[in-house]
Amino acid sequence: MSKLRSFSKIAAFAAGLGLCGWGAFEMTRPIYDGNAGFTYGSAFAPVRDRDVGFHVWYPATPGGRAITVGGNGVFYGTPAGRNAPHQAGQFPVIIISHGAGGNAGQFGWIASELAQAGFVVILPNHPGTTTGNASAEAAVRVWERPTDVSAVLDELTGNAQDYPFINMERISVLGFSAGGYTAMALSGARVDPGRLQRFCDGSDHGMSDCAFLAHFGIDLHSLDLSPAGQDLRDPRVRSAVIVDPGIVSTLTDESLSEIDIPMLVINLGDEGTIPAGVYAGNAASLVPQAQYRLFRDATHFSFLAECKPAGPRILENEGELDPLCEDAGERSRTNIHAELLDMIVSYLREEA
């Protein structure tokens with residue numbers, strides 16, 4: 001049975017018994033008057049032997065309840081219509097994979113706009129590398145992330161009657177940072193386990209990843225990383241957008257040259273400013289149908305949601321190692337997001 005359908009039945013049952021004060025609270029929310037619908041789903045992931053939760057954004061008509069998705073003291077959230085009516089028709093799907101330590105809610109800014117542009121957007125929360133559910137041990141098991149996405153696709157395609165608004169023949173994947181690796185693996189890229197074991201030898205690649213692993217006592221040479229070398233391609237993925245992919249230097253040249261789907265590869269920043277750990281120009285040159293673009297005045301973290309004024313101070317007080325709220329140049333993150341969105345939507349309309 002579809003997890004989406006099961007959750008709906010459980011919620012209806014609880015509300016019918018008068019056991020859900022949360023449901024009463026939901027009924028007090030104002031009616032949503034926009035075109036970005038939102039709901040939740042869940043898929044069983046065999047590799048993890050547990051469910052993976054995901055967000056669903058879709059083209060909607062006014063209705064449902066007005067909510068804010070994501071957002072906290074650091075980042076702004078995004079307005080949406082919880083269970084708003086679907087627009088008529090079927091729409092192409094974009095799976096978005098977040099970075100390590102991130103979460104689905106951080107990408108409401110692009111998911112909402114993509115939904116209003118005519119796409120259904122699915123955002124899994126990857127167990128073990130999601131905000132509030134993250135560990136250094138889990139971060140190393142990179143091969144689990146692509147299997148999360150395949151599990152979600154199994155849920156969607158295996159229960160098509162519950163997702164009548166989705167065109168199952170038009171599935172794309174968009175990934176950022178560790179999610180960029182995830183999207184490349186789903187497209188056919190394979191990791192060289194030996195390179196992965198040597199990843200932190202003598203260099204931090206301009207990122208905080210190796211310091212994070214060292215802080216928690218992770219020695220890559222002591223781990224069995226052979227599962228990282230398996231072929232994790234999902235043939236249901238028809239095109240990909242890759243943004244600052246993590247561990248890109250560990251991908252084999254042979255596997256990159258065998259990727260047979262269209263791919264847009266974006267690095268955030270100008271030549272010479274991009275951290276070596278996510279520089280993807282060389283990898284993109286090996287993918288037959290890849291387009292490679294640099295995005296000026298941005299940093300690796302410009303793809304995250306906009307920060308609130310107090311965000312930088314909160315991050316500093318929490319000891320955050322990365323400058324999550326900093327961009328480069330004179331442009332605001334709002335402007336950067338708008339241009340990135342135009343670039344990605346134009347590409348997906350042509351290739352998805």
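The values are calculated or read from the model by the stated rules, or taken from the named source; none is laboratory data. Given the structure is predicted, the values throughout are model-derived calculations rather than measurements. Cβ coordinates were reconstructed from backbone atoms using ideal geometry, including for glycine residues, and neighbour counts include every protein chain displayed. Calculation scope for accessible area: heavy atoms of the full protein, side chains included, ligands and nucleic acids excluded. Shrake-Rupley method; radii C 1.70, N 1.55, O 1.52, S 1.80 Å.
Can you give the charge dipole size of segment 113-256 about its Cα centre, rounded to the nearest 20 debye, using +1 on the beta carbon of Lys and Arg and -1 on the beta carbon of Asp and Glu?
220 debye
Ordered by packing density, taken as the mean number of other Cβ atoms within 10 Å over each peptide's residues, highest first, how do 164-172, 242-250, 328-336 rank?
242-250, 164-172, 328-336
Once you sort the root eigenvalues of the Cα gyration tensor of segment 160-203 as a ≥ b ≥ c, which label holds: rounded (a/c under 1.5), prolate (a/b larger than b/c) or oblate (the other case)? Don't jump to the answer; show the numbers that get you there.
Details: a/c = 4.45, a/b = 3.29, b/c = 1.35.
Because a/c hits 1.5 or more and a/b exceeds b/c, segment 160-203 counts as prolate.
Just the Cα atoms of segment 301-352, one point each, no solvent: what log10 I(q)/I(0) does Debye give at q = 0.16, 0.17, 0.19, 0.23 Å⁻¹?
Relative scattering, expressed as log10 I(q)/I(0), comes to -0.56, -0.61, -0.70, -0.86.
For segment 126-170 and segment 290-352, write down the distance between their C-alpha centroids in whole Å.
Between the Cα centres of segment 126-170 and segment 290-352 lies a distance of 23 Å.
Mind checking the per residue accessible area of the chain for me, 1.4 Å probe, whole number of Å²?
Ligands and nucleic acids excluded, the result is 42 Å² per residue.
Could you quote the convex hull projected area for segment 219-352, Cα atoms only and averaged over all directions, in nm²?
That works out to 10.3 nm².
Calculate the dipole size of the chain relative to its Cα centre from +1 charges on Lys and Arg beta carbons and -1 charges on Asp and Glu beta carbons; express the result in debye to the nearest 20. Let's see the in-between values first.
Values: 24 positive and 40 negative charges, 255 e Å.
That gives a dipole near 1220 debye.
Select from Tyr58, Ser222, Tyr32 the residue farthest towards the positive end of the dipole of the chain; place +1 on Cβ of Lys and Arg, -1 on Cβ of Asp and Glu, and compute about the Cα centre.
Of the options given, the answer is Tyr32.
Kirkwood hydrodynamic radius of the chain from all distinct Cα pairs, in Å?
Evaluated over the chain, this radius sits at 20.7 Å.
How compact is segment 179-235 by the rule of thumb for globular proteins, expressed as Cα Rg over 2.2 N^0.38 Å?
1.23
Computed from the mean reciprocal separation of all distinct C-alpha pairs, what Kirkwood hydrodynamic radius does segment 94-140 have, in Å?
Its Kirkwood hydrodynamic radius stands at 11.2 Å.
Identify, among Phe212, Thr250, Gln197, the residue whose Cα sits farthest towards the positive end of the charge dipole of segment 194-253, taking +1 on the Cβ of Lys and Arg and -1 on the Cβ of Asp and Glu, with the dipole about the Cα centre.
Value: Thr250.
State the percentage of accessible surface on segment 94-239 attributable to carbon and sulfur atoms; use a 1.4 Å probe and exclude ligands, DNA and RNA.
Carbon and sulfur together cover 48 percent of it.
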